[in-house]
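Asks: Structure incoming, see below.
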Amino acid sequence: MEWNLDHVKEKKEALGEVLNGDRLVSAPYKLNFREEKDSSVVCKKKLSKDEVVFFRKAVEKDYYFQMYYDDLPIWGFIGKVDKEGKADPSEYKYYLYKHIQFDVLYNKDRVIEISARMDPHLLVDLTEDKEVDAEFMYTVKWKETDTPFEKRMERYSMSSSLPHHLEIHWFSIINSCVTVLLLTGFLATILMRVLKNDFIKYGQDEEAADDQEETGWKYIHGDVFRFPKYKSLFAAALGSGTQLFTLTVFIFMLALVGVFYPYNRGALFTALVVIYALTSGIAGYVATSFYCQLEGTNWG
């Protein structure tokens, strides 16, 4: 059969998926539960010269595909570049994979894991600018596993560029904590000495203290009771900051209960938009309350 853009069915995205830039379409592969297939032909197509050039550039730039089956991600490269024994890039060979094998693990009636492997022997040569006949096939293999359904996402949560077993540098952490404590102690000691001398001086002779010229920190003792110049802006900033802090707390709480599991497409963006809208009342209340405390009058 021929597979063209007329057969492509776009998936209806949620709000978070749209914000994330996801544009998913249906794939022609049929993976029915526990139904194995061996080299099933998905489509036959004659690639034109323009399509060959297009795919060759994609292979050269290491393009890969990503699909989802039962909310589990599948990815793989669409082709490969043969550079072995060739120093000149013009001598490189470009190939497009035409056979994909899906290996699916299941436990009872649940899909636990899925992966895709390309057959390195079934290729379409894209090196020359000419029309090429391509027959794309796929194989499906099912295998039972003991992994429970609740733990199927652990494999994907470990997928990272970081090492799986991170070494905790306790010495560096303790050293940093001790340094912070020492600096805090030094600063507190200096401030206490300065303040203690001033308090003693004022306590012994209050009249002399009133006539003495103020220096240092005593310049600002009256400024703490002075209203800021831009009350509206200050109150709005405080309200927005409170809203963002509340939003952060809610996001962390949802993450702790496992809402944002790996590859839950768009869940984070959806939560951000919804919680931000719901917490807008908090920003308004805090800003208005603080503006009243500042005796603001510009309500228009």
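The values are calculated or read from the model by the stated rules, or taken from the named source; none is laboratory data. Source: prediction; values computed, not measured. Cβ coordinates were reconstructed from backbone atoms using ideal geometry, including for glycine residues, and neighbour counts include every protein chain displayed. Surface areas here come from the heavy atoms of the whole protein model, side chains and all, with no ligands, DNA or RNA. Shrake-Rupley method; radii C 1.70, N 1.55, O 1.52, S 1.80 Å.
Asks: Being open to solvent by 90 Å² or more (accessible area, probe 1.4 Å), free of Cβ contacts under 8 Å to residues at least 40 places away in the same chain and either closer than 28 Å to residue 151 by Cα or not hydrophobic (A, V, I, L, M, F, W, C) (or both) narrows it down to one of 44, 30, so name that one. Give the derivation first.
Replies: Numbers: 44 fails: free of Cβ contacts under 8 Å to residues at least 40 places away in the same chain.
Matching residue, one of 44, 30: 30.
Asks: Can you tell me which of (1) open to solvent by 50 Å² or more (accessible area, probe 1.4 Å); (2) modelled with pLDDT under 85 is the one residue 38 doesn't meet?
Replies: (2)
Asks: State all residues of the range 22-78 that are part of a loop (DSSP other than H, G, I, E, B) and at positive phi; if no residue qualifies, say none.
Replies: From the range 22-78, those part of a loop (DSSP other than H, G, I, E, B) are 22-24, 26-36, 48, 61-63, 70-71, 78; that's our starting set.
Hits for the range 22-78 are 34, 62, 70, 71.
Asks: Checking the conditions here, which among 233, 278, 247 is open to solvent by 60 Å² or more (accessible area, probe 1.4 Å), under 20 Å from residue 15 (Cβ atoms) and of a type outside the set (D, E, K, R)?
Replies: Values: 233 fails: under 20 Å from residue 15 (Cβ atoms); 247 fails: open to solvent by 60 Å² or more (accessible area, probe 1.4 Å).
Only one candidate qualifies: 278.
Asks: Right, next: Within the bounds of the range 76-84, is there any residue that is free of Cβ contacts under 8 Å to residues at least 24 places away in the same chain, touching a helix residue (DSSP H, G or I) at 6+ places or on another chain (Cβ under 9 Å) and aliphatic (A, V, I, L, M)? First the steps, then the outcome.
Replies: Start the filter on the range 76-84 by keeping residues that are free of Cβ contacts under 8 Å to residues at least 24 places away in the same chain, which leaves 78, 81-84.
Next cut, touching a helix residue (DSSP H, G or I) at 6+ places or on another chain (Cβ under 9 Å) only: 78, 81, 83.
Going one step further and asking which of them are aliphatic (A, V, I, L, M), we end up with 78, 81.
For the range 76-84, residues free of Cβ contacts under 8 Å to residues at least 24 places away in the same chain, touching a helix residue (DSSP H, G or I) at 6+ places or on another chain (Cβ under 9 Å) and aliphatic (A, V, I, L, M): present.
Asks: Specify which of the listed residues (94, 106) is of a type outside the set (Val, Ile, Thr), free of Cβ contacts under 8 Å to residues at least 40 places away in the same chain, surrounded by 14 or more Cβ atoms within 10 Å (Cβ to Cβ) and part of a strand (DSSP E or B). Let's see the steps before the verdict.
Replies: Numbers: 106 fails: free of Cβ contacts under 8 Å to residues at least 40 places away in the same chain.
When all the criteria are applied, what remains is 94.
Asks: Any residue at all in the range 208-217 that is modelled with pLDDT of 90 or more, among the hydrophobic types (A, V, I, L, M, F, W, C), outside any loop (DSSP other than H, G, I, E, B) and within 30 Å of residue 296 (Cα to Cα)? Quick ask: steps written out before the conclusion?
Replies: Filtering the range 208-217 down to residues modelled with pLDDT of 90 or more leaves none.
So far as the range 208-217 goes, no, none of its residues is modelled with pLDDT of 90 or more, among the hydrophobic types (A, V, I, L, M, F, W, C), outside any loop (DSSP other than H, G, I, E, B) and within 30 Å of residue 296 (Cα to Cα).
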